[in-house]
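Everything on this sheet refers to the single structure shown next.
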Amino acid sequence: MDIRQLRYFVTVADTGHLTRAAALLGMQQPPLSQQIKSLERQLGMTLFVRHPKGVSLTPVGHEVLCEARRALEAFDAMAQRVAKITAGMRGVLHLGVTTSAAVHALTSSVIRTLRLEHPAIEMALSEANAAGVTEAVAASKLHCGIIRAVVSRPPGLVFETLAREPTVVALPVDHPLASRRPTGRHAIRLQDLHEQNMILVRRPGAPGLYADLLDRCAQADVRPRVVDEVERMTTSLSLVAGGVGLSVVPASMQRAPAATVAYRPLASSAGLEAPLTLVYREDDTTGVTATFVRLAHRLAQAA
């Protein structure tokens, strides 16, 4: 007995006619009749009564029909689950990242592990600010995004914090604050930023971290001078290197090479952390998206 025979049997039972059932199944009537007889021999019972106008189920045939329907439903459900699993093992994953999220160790670890564990998944990587990545995911142009702070919450999106890290102050190497030792008790306080020239990422692109920084400065009656707003954190570090001013960035940004930039910890009393956030659509829970989300969760928990 096999699944094909059960499908043949159910189709004949539903139509009550071997020739019509054969037409629906895309086969000739004699082979179908042989398959039904083979099934009856295997079960050791007669399933149909043959008559000039077609066939009708025997009493035991009715019982077998109920079992056959259940078996086919279970098989089809299993086939659908396997198809979803298979779909998540191959295809193209469109991933968007922000510049600062890209330099975080977890981001590179997820990307590297995806390539190692799922070589049949091709990755199409794009870079934008947090607002751009979020909008692209919402518009189904990207499967997933990795950003820092959430800048907007379009309906239908899921935002999950994968990690949090401290922030540091980026300074020109010849700035007086750069002479401090890079240890906790010498950390830079919010008060040290009073009337300092500051370079921030444009608030429409990434309001989270910098809005929090300015809010905390306001609460502490600290008034930094925002001398420039840029699109990306890497640009702000270039301006810091050029002596334009200071900036506050996630600690992982220290990995970016900048020989003319000094990094000093921001005091924990500032209460300013930088998150790493995964974003995807809540209705996109299969295929390559599901594979990437599961992998990101696993590596985040292990970190």
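Miscellaneous remarks
- Gaussian network model of the chain, Cα within-10 Å springs - most flexible of 233, 78, 45: 45
- Dipole-positive endmost among 42, 125, 303 within the chain (Cβ charges, Cα centre): 42
- Evaluating 6.51 cos²θ - 1.76 cosθ + 1.60 at θ = phi - 60° for every residue in the range 155-163, the Karplus couplings come out as x, x, 9, 10, 10, 10, 7, 8, 7 Hz, glycine and proline recorded as x.
- Residue of 133, 92, 249 that the Gaussian network model of the chain assigns the largest fluctuation, springs spanning Cα pairs under 10 Å: 92
- Charge dipole (the chain, unit charges on Cβ, about Cα centre) - positive-most of 293, 245, 142: 293
- Taking only the Cα atoms of the chain, the ratio Rg/Rh comes out at 1.33, with Rh defined as the Kirkwood radius.
- Projecting the Cα atoms of 214, 162, 200 onto the charge dipole of the range 139-278 (Cβ charges, centred on the Cα centre) puts 162 farthest toward the positive pole.
- Annotation: peptides 61-74, 274-287, ranked by per-residue average of other Cβ atoms within 10 Å with the highest first, follow the order 274-287, 61-74.
- Whole-Å distance, taken between Cα centres, linking the range 158-178 and the range 3-22: 69 Å
- Cα-only Debye scattering, the range 114-197: base-10 log of I(q)/I(0) at q = 0.14, 0.23, 0.24 Å⁻¹: -0.76, -1.11, -1.17
Bear in mind that the values in this text are calculations on the coordinates, not laboratory data. This is a predicted model, so every value here is computed, not measured. We place every Cβ from the backbone using ideal geometry, glycine too, and count neighbours over all the protein chains shown.
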